[in-house]
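Worksheet for the structure shown next.
The values are calculated or read from the model by the stated rules, or taken from the named source; none is laboratory data. Values in this document were obtained by computation on a predicted structure and should not be read as measured data. When we count neighbours, we look across all protein chains shown, and the Cβ atoms used for this are built from the backbone with ideal geometry, even at glycine. Surface areas here come from the heavy atoms of the whole protein model, side chains and all, with no ligands, DNA or RNA. Shrake-Rupley method; radii C 1.70, N 1.55, O 1.52, S 1.80 Å.
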Amino acid sequence: EDELTRILRDYGEENWARQIARVICDRRADAPIERTSQLVAIVDAAIPKKLRAKDGSHPARRTFQALRIAVNDELDPLKKALEDMVELLNPGGHLAVLTFHSLEDRIVKQTFRRLANPCTCPPKIPVCICGKKPVVRVLGGGGIKPDAQEVERNPRARSAMLRGCEKLETQG
């Protein structure tokens, strides 16, 4: 139950993670969950109807997302893949990454920021002494979201975020 709660909270950003995990574990004690419709019914039972998201999204959406991310190990390789892709770029080359949920986007944003400012010196030191140099320049500031027309044409695009970076010249 604790591991399932962690998965639902961390990968699904689910506010009702503990309650959903508890109901899943209780139902699994009676019989295995073999159909997605059973899991949907469990999530429905765990989240009070009056407290569900008002954005029209399905209450089980975050649960299925969390389970998919955990089973497929979708997030852990992303940071390494981004670093590897930047390493493969020629100086002046660009990397664009399109993410579809906030967990992916957070990893991309943090990785690009760390590569753009790799200094590990304490903030109070006036001059960098670690010697780590920026590898990329972040493009577009805060990323680019789809406009209203794009979301109207493609509703799945509502959560998309485009971020980019440019590889800098290496000193050496």
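Within segment 112-163, restricting attention to residues that are among the polar types (S, T, N, Q) and more than 16 Å from the chain's Cα centre (by Cα), which residue is most open to solvent (accessible area, probe 1.4 Å)?
Top of the filtered list is Gln149.
Need pairs with beta-carbon distance below 8 Å; first residue farther than 18 Å from Arg9 by Cβ and within segment 21-42, second open to solvent by less than 50 Å² (accessible area, probe 1.4 Å); sequence gap 6+ or separate chains.
Listed pairs, sorted by first residue: Arg27/Ile42; Ile33/Ile24; Ile33/Leu39; Ile33/Ile42; Val40/Ala60.
Taking only pairs six or more apart or across chains, which ones have beta-carbon atoms under 9 Å, a first residue in segment 116-142 that is farther than 22 Å from Glu166 by Cβ and at pLDDT 90 or above, and a second residue that is of a type in the set (A, V, I, L, M) and in a loop (DSSP other than H, G, I, E, B)?
Correct list of pairs: Cys121/Val127; Cys121/Ile129.
Looking at (1) open to solvent by less than 90 Å² (accessible area, probe 1.4 Å); (2) part of a helix (DSSP H, G or I); (3) closer than 24 Å to Gly142 by Cβ; (4) not hydrophobic (A, V, I, L, M, F, W, C), can you tell me which one Arg106 breaks?
So Arg106 meets the others, but not (1).
List the pairs whose first member sits in segment 1-19 and is over 14 Å from Ile69 (Cβ atoms), whose second member is β-branched (Val, Ile, Thr) and outside any helix (DSSP H, G or I), and whose Cβ atoms are under 6 Å apart, counting only residues at least 6 apart or on separate chains?
Going by the 6 Å Cβ cut-off, the qualifying pairs are Trp16/Ile47.
Residues in segment 71-109 that are without any contact (Cβ under 8 Å) to a residue 24 or more places away in the chain and closer than 22 Å to Leu168 by Cβ: how many?
The qualifying residues number 6.
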